[in-house]
1. If we keep just the residues of the range 48-59 that are buried (at least 16 other Cβ atoms within 10 Å of the Cβ) and not polar (S, T, N, Q), which is modelled with the lowest pLDDT?
2. Can you tell me which residue within the range 197-223, out of those that are over 21 Å from residue 259 (Cα atoms) and polar (S, T, N, Q), is most open to solvent (accessible area, probe 1.4 Å)?
3. What single numbered condition from (1) under 26 Å from residue 98 (Cβ atoms); (2) not in a loop (DSSP other than H, G, I, E, B) fails to hold for residue 302?
4. In the range 29-44, which residues are in contact with a strand residue (DSSP E or B) (Cβ under 6 Å, 6 or more places away or on another chain) and either aliphatic (A, V, I, L, M) or surrounded by fewer than 17 Cβ atoms within 10 Å (Cβ to Cβ) (or both)?
5. Mind listing whichever residues of the range 114-135 are open to solvent by 30 Å² or more (accessible area, probe 1.4 Å) and of a type in the set (Lys, Arg)?
6. Within the range 319-328, which residues are open to solvent by 30 Å² or more (accessible area, probe 1.4 Å) and either without any contact (Cβ under 8 Å) to a residue 60 or more places away in the chain or not in a loop (DSSP other than H, G, I, E, B) (or both)?
7. What is the residue count in the range 1-26 for residues that are open to solvent by less than 20 Å² (accessible area, probe 1.4 Å) and farther than 13 Å from residue 342 by Cα?
Amino acid sequence: MSWNTFGRVLRFTTWGESHGPAIGAVIDGCPPGIELAEADIQPFLDARKPGQNKFTTQRKEPDEVRILSGVFEGKTTGTSLSLLIENKDQRSKDYSEIANTYRPSHADYAYDAKYGFRDYRGGGRSSARETAMRVAAGAVARKIIGDVTNLAYVSEIGGDRIDPANFDREEIARNPFWCPDAEAAKRWEALVDDARKAGSSLGAVVECVATGVPAGWGAPVYAKLDSDLAAGMMSINAVKGVEIGDGFDAARLTGEQNADAMSPGEDGPEFAANHAGGIAGGISTGQPVICRVAFKPTSSILTPVASVDRDGKATEVRTKGRHDPCVGIRGTPVVEAMMALVLADHMMLHRAQCG
């Protein structure tokens, strides 16, 4: 089977291809009575859409969303929500030269091996174009989780990290990199622009912090909150690694260093640290839920790379078209959306079992 659905109680299914007439999502399980309009979704799509500056792909898509079902008189009805975005700026001819050639590190060969053929126009379903519908679905999830908020930002591009001492939440919206460190953002301008001009690309790390998550969401074994977060983030195009809390750094600590010491508080335990990223035993602790996501460099590059064609003959690939020099930049709103979708699903799972 080709799985296109995510979630247990709040389930969403995406459909469509990068160069097809449209892309869309169907959301099932949304509670009734939630105020919802296109205007609640559009700002998040605007944050992700391409062509906003020279550091992203120059494909021009308005990404205007339409709600086709599941809303009446401005409120959700409890039935399936159907969301649609039309594709406006496809240039399929850019991909004619790779119709019979595999782009290294892209999904071309893997798709061909699985299905026996592939949609080479922009990568079809393997294109990051699909993530626009995750962002749209994530906007609905934000309405469900209410006071729970999440914030994603880029903490590293091409191995150059931000300085935590320079963290400024307001700075994130002031630069094209979703960067909370103004000095790092200035460095990244040259870093990403140099990669773009060279026909290459860079990787990035995106961090996401959700606050207001109450203790108790998640389950001990097969529906761990952190395992579902990891699965959701790993399903995003170009993601190759996910950490919760300290992640791999926890493996370098001693037990006492890694312990999130607790003391009595008026509204439950107070924690001295949050190495666990707000999740213990698969269940939220009430602390901020922290997730870190690693994006690989964009696979479609102008730099020639050795490969093979469908006949198994040696060749060289140089991908034309419009591509992100650092896909992690536009991946930031997608990470936020997946965090919201996983949290909304677990909120509803918790309510179903515990009331």
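1. Checked the range 48-59; the qualifying residue modelled with the lowest pLDDT is 59.
2. Selected residue: 200.
3. (2)
4. 32, 33, 34, 35, 36, 38, 41, listed by residue number.
5. Once the filter is applied, which keeps residues that are open to solvent by 30 Å² or more (accessible area, probe 1.4 Å) and of a type in the set (Lys, Arg), the range 114-135 yields 114, 118, 121, 125.
6. Residues satisfying the conditions do not exist here.
7. Residues flagged as open to solvent by less than 20 Å² (accessible area, probe 1.4 Å) and farther than 13 Å from residue 342 by Cα within the range 1-26 amount to 9.
The rows are residues; the columns are (1) open to solvent by 30 Å² or more (accessible area, probe 1.4 Å); (2) hydrophobic (A, V, I, L, M, F, W, C); (3) on the phi < 0 side of the Ramachandran plot.
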| residue | (1), (2), (3) |
| --- | --- |
| 225 | no, yes, yes |
| 233 | no, yes, yes |
| 237 | yes, no, yes |
| 240 | yes, no, yes |
| 243 | yes, no, yes |
| 249 | yes, no, yes |
| 257 | yes, no, yes |
| 281 | yes, no, no |
| 285 | yes, no, yes |
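The values are calculated or read from the model by the stated rules, or taken from the named source; none is laboratory data. Keep in mind it's a predicted model, so treat the numbers as computed, not measured. Here the Cβ is made from the backbone with ideal geometry for all residues, glycine too, and neighbour counts use every protein chain on show. Ligands, DNA and RNA are excluded from the accessible area calculation, which covers all protein heavy atoms including side chains. Shrake-Rupley method; radii C 1.70, N 1.55, O 1.52, S 1.80 Å.
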